[in-house]
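What follows is a short report on a single structure.
The values are calculated or read from the model by the stated rules, or taken from the named source; none is laboratory data. Remember, predicted model here, so these are calculated numbers, not experimental data. As a convention, Cβ positions derive from the backbone with ideal geometry for all residues, glycine included, and neighbour counts pool all protein chains shown. Protein only, heavy atoms only, side chains kept; ligands, DNA and RNA dropped before computing areas. Shrake-Rupley method; radii C 1.70, N 1.55, O 1.52, S 1.80 Å.
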Amino acid sequence: MTSVNLGIPQAPPPAVATRKPTRTLDVGGVLVGGGAPVSVQSMTTTVTADVNATLQQIAELTAAGCQIVRVAVPSQDDAEALPIIAKKSKIPVIADIHFQPKYVFAAIDAGCAAVRVNPGNIKKFDDKIAEIAKAASQAGTPIRIGVNAGSLDPRLLTKYGKPTAEALVESALWECSLFEEHGFRDIKISVKHHDPVVMIRAYRLLSQQCDYPLHLGVTEAGPAFQGTVKSAVAFGALLSEGIGDTIRVSLSAPPVEEVKVGTAILESLGLRERGLEIVSCPSCGRAQVDVYKLAEEVTAGLDGLPVPLRVAVMGCVVNGPGEAREADLGVASGNGKGQIFVKGEVIKTVPESQIVETLITEALRIAEEMGAELPEELRELSGPVVEVH
């Protein structure tokens, strides 16, 4: 089969900034820090003790592109479910521990890829660090020190008056120093705040003061729209400065949506190879077609396309031909029809009613010529197209 050169890069495009050097951690086979690609994480919403439901959600997250998953362990039943979940999950499982230090040891014994601890709300956590460091070191289990604005150590709240960036950083580095006293440095850090401005400042300060890998997150970011905006702003600012080694977008939405947003952020910054990218105009008074509808239908029709492809869906003659010509595949619409472009060349003109069908058919043809194995649901979408001149 002859391949078609679409000019699509074989590797991720140049990133916006050189990554700041950090230590490397092996989190269940996924490297974090040390120049490794920025990974996308999420967290299950199931009761961890419900093993089947939790594994089903992990499978859904894995299919969406999640690389590391965190599960909550607030009870003994949850702790007892960890060995099965850690063994059967196809991606590394991190145990999320609050309040009870005994669950840290249970997670390590269960074979979890890492353990996240929140020092601000674990009883007598500092007194347990020597034991935790020993157990984690013997098992080769990394620890994430996860400091949150909503559960900051009361001592630091008293000192700073509120969870400032400086307070978050001091908390994280203090805990790191306690682990370091016992020779344990397999650590990554997060300092999360609901305010992106405070969060950005905290990570900048942290990056200046340590070389531990950093897990980026805006905590309690909010519903899907608000949380996406907050996370994109905060992650974009930090990643564009080379700060950040792994990310979790926190949304009041199904966790698969977190993975989709996180992946899109990395793709937009050139930190991950782009998949399907729809370039479409915002529409205006010049538009002679319903661009919103066209873009949504093309996006839905090509969901699951296994190759990187930039598709331009344009609604007028001002920017339409230029954008369509620059894309791998595109349409410039107007006067009841659309000019279809493939890599800069007009290959046909079709009625407006057949624009979506044509773009999907051409995209699938291109994907097959690139050697892609198409999912069954995509192979069924192609159909005859009527050409007009």
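In Å², and per residue, what accessible area does the chain have when probed at 1.4 Å with the other protein chains present?
Heavy-atom accessible area per residue stands at 45 Å².
For semi-axes √(5λ) of the Cα gyration tensor in Å, one of [x] 41, 24, 19; [y] 33, 27, 23; [z] 46, 22, 18 was computed from the structure I shared and the rest are decoys. Which label?
Among [x] 41, 24, 19; [y] 33, 27, 23; [z] 46, 22, 18, the one derived from this structure is [z].
Roughly how many Å is it from the Cα centre of the range 296-340 to that of the range 84-148, as a whole number?
48
Could you give me the radius of gyration and the Dmax of the range 147-193, taking only the C-alpha atoms into account and expressing both in angstrom?
Radius of gyration, then largest Cα-Cα span, for the range 147-193: 11.0, 33 Å.
Run through the DSSP bridge list for the range 277-380 and note the antiparallel percent, rounded to the nearest 5.
Expressed as a percentage, antiparallel bridges in the range 277-380 total about 60.
Tilt of helix 125-139 relative to the longest C-alpha principal axis of the chain, in degrees (0 to 90, nearest 10)?
60
For a Förster distance of 30 Å, can you work out the FRET efficiency between the beta-carbons of Thr62 and Lys124, rounded to the nearest 0.05?
Step by step, r from the Cβ atoms, then E = 0.25.
Pairs of alpha-carbon atoms within less than 8 angstrom and 6+ residues apart define the contacts here; what relative contact order does the range 248-314 have, in percent?
Taking the mean separation of contacting Cα pairs over the length of the range 248-314, I get 34 percent.
Determine how many Å³ per residue the convex hull of the Cα atoms of the range 145-254 encloses.
Per residue, the Cα convex hull of the range 145-254 comes to 99 Å³.
Taking the alpha-carbon set of the range 17-99, what are its Rg and Dmax in Å?
Both quantities, over Cα of the range 17-99: 13.9, 45 Å.
Below 8 Å, C-alpha to C-alpha, sequence gap of six or more: please give me the relative contact order for the range 277-380 in percent.
24
In degrees, nearest 10, range 0 to 90: what is the angle between the Cα axis of helix 196-209 and the longest Cα principal axis of the chain?
Approximately 60 degrees, to the nearest 10.
First select every other residue whose beta carbon is under 11 angstrom from the beta carbon of Ala149; then total the charges, Lys and Arg +1, Asp and Glu -1. The partial results should precede the final answer.
Details: positive: Lys162, Lys192; negative: Asp195, Glu220.
Charge balance in the 11 Å sphere: 0.
What percentages make up the Cα-Cα pair-distance distribution of the range 176-330 when the bins are 5 Å wide from 0?
The calculated distribution, bin by bin, is 2, 9, 14, 15, 15, 13, 12, 9, 5, 3, 2, 1, 1, 0.
For Lys348, what residues show an amide H to amide H distance below 5 Å, using hydrogens built from the backbone and excluding near sequence neighbours?
Ile340
Which whole-number percent gives the relative contact order of the chain, counting Cα pairs below 8 Å spaced six or more residues apart?
It rounds to 14 percent for the chain.
Which percentage, to the nearest 5, of the DSSP beta bridges contained in the range 25-269 is antiparallel?
Values: 3 of 30 bridges.
So the antiparallel bridges in the range 25-269 amount to around 10 percent.
What does the charge add up to near Arg19, with Lys and Arg as +1, Asp and Glu as -1, over the other residues with Cβ less than 14 Å from its Cβ?
Once all neighbours under 14 Å are counted, the net charge is 0.
Output the 0 to 90 degree angle, nearest 10, between the alpha-carbon long axis of helix 76-88 and the longest principal axis computed from the alpha carbons of the chain.
That works out to roughly 50 degrees.
Considering only Cα-Cα distances, which of the following residue pairs are longer than 20 Å: Lys188/Lys260; Lys134/Lys159; Lys90/Lys260; Lys162/Lys188? If you can, show how the numbers build up before the last one.
Values: Lys188/Lys260 23 Å; Lys134/Lys159 31 Å; Lys90/Lys260 18 Å; Lys162/Lys188 24 Å.
Result: Lys188/Lys260; Lys134/Lys159; Lys162/Lys188 exceed 20 Å.
Provide, as a two-decimal number, the C-alpha radius of gyration of the range 277-380 over 2.2 N^0.38 Å, N being how many residues it has.
Values: Rg = 12.7 Å, N = 104, 2.2 N^0.38 = 12.8 Å.
That works out to 0.99 for the range 277-380.
In the neighborhood of Thr263, defined by Cβ-to-Cβ distances under 14 Å, what is the net charge if each Lys or Arg adds +1 and each Asp or Glu adds -1?
Working: positive: Arg248, Lys260, Arg272, Arg274; negative: Glu257, Glu258, Glu267, Glu273, Glu277, Asp303.
Net of charged neighbours comes to -2.
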